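Q: Take a look at the following structure, please.
The values are calculated or read from the model by the stated rules, or taken from the named source; none is laboratory data. Treat the numbers as computed from the prediction; the structure is a model and nothing was measured. Keep in mind that these areas ignore ligands, DNA and RNA; they rest on the heavy atoms of the full protein, side chains included. Shrake-Rupley method; radii C 1.70, N 1.55, O 1.52, S 1.80 Å.
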Amino acid sequence: MEVLLAQQTAADVITQFGEADISGWPFWQRGDAYFARGRAFALLDIGPEGEADLTRALDFTSDSRSLQKIRLTLGRHREETLKDDDAALAAYRSVFANREQIGGADEFGAVQAAARILARQKQFDDALATLSLIDTEQQRGVWRFSTLLARGDILLAAGRQDEAVALFQSVLKDSAAEPRFRQQAEQRLQQR
């Protein structure tokens, strides 16, 4: 299944393994198998089956990094396919719950996703507080600038235009920002 997913053929995963009884597989393979098939269902926007397999994957996985990946995928599936923001938010929060410091890509992605949902729910202060878990003063690279842009988007949505403009201008002027982030900041300034 992993090979088929790597080849971007999620439909082939479902064709070959969609009806497989993974519960009969050796217990040490079940977590990975449920996760792989769940990802395939999620990629194909197949809701209930994806939810079921991703949830089962949690039951058969003990590695903390793998659990984060499963929870992040579950959150995305709930947000994008099932359109269940509350359930997605719970999954995203479980990725970074009880973390004193955010440091992995899955954690960064989950924090930004949780903030996006909170902003969509017009819980702007909670969204900004969630984003503040990423220390943009210490962080460098992609996660710094994507987080700054996300913060600016939330500030705009909250009606705090002056703060958002100042933030977008800071990204635009930052020579450490990749051109794509400076371009996105410029677009946001033009669209406001």
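Q: With equal scatterers on the alpha carbons only and no solvent term, can you work out the Debye log10 of I(q)/I(0) for the stretch 123-167 at 0.16, 0.20 1/Å?
A: The computed values of log10 I(q)/I(0) come out as -0.38, -0.59.
Q: Separate question: Evaluate Rg over Rh across the stretch 111-192, taking Cα atoms for both radii and Kirkwood's formula for Rh.
A: 0.94
Q: Measuring with a 1.4 Å probe in the full set of protein chains, what accessible area per residue, in whole Å², belongs to the chain?
A: With the other protein chains kept in place, the chain gives 55 Å² per residue.
Q: Quantify, in whole percent, the carbon and sulfur part of the accessible surface of the chain (1.4 Å probe; protein heavy atoms only).
A: So the carbon and sulfur contribution to the accessible surface is 46 percent.
Q: Could you derive backbone 3J(HN,Hα) for the stretch 13-29 from the dihedral phi with the Karplus parameters 6.51, -1.76 and 1.60 (θ = phi - 60°), listing whole Hz in sequence and x where the residue is Gly or Pro?
A: 4, 5, 4, 7, 10, x, 9, 5, 8, 5, 4, x, 6, x, 4, 6, 9
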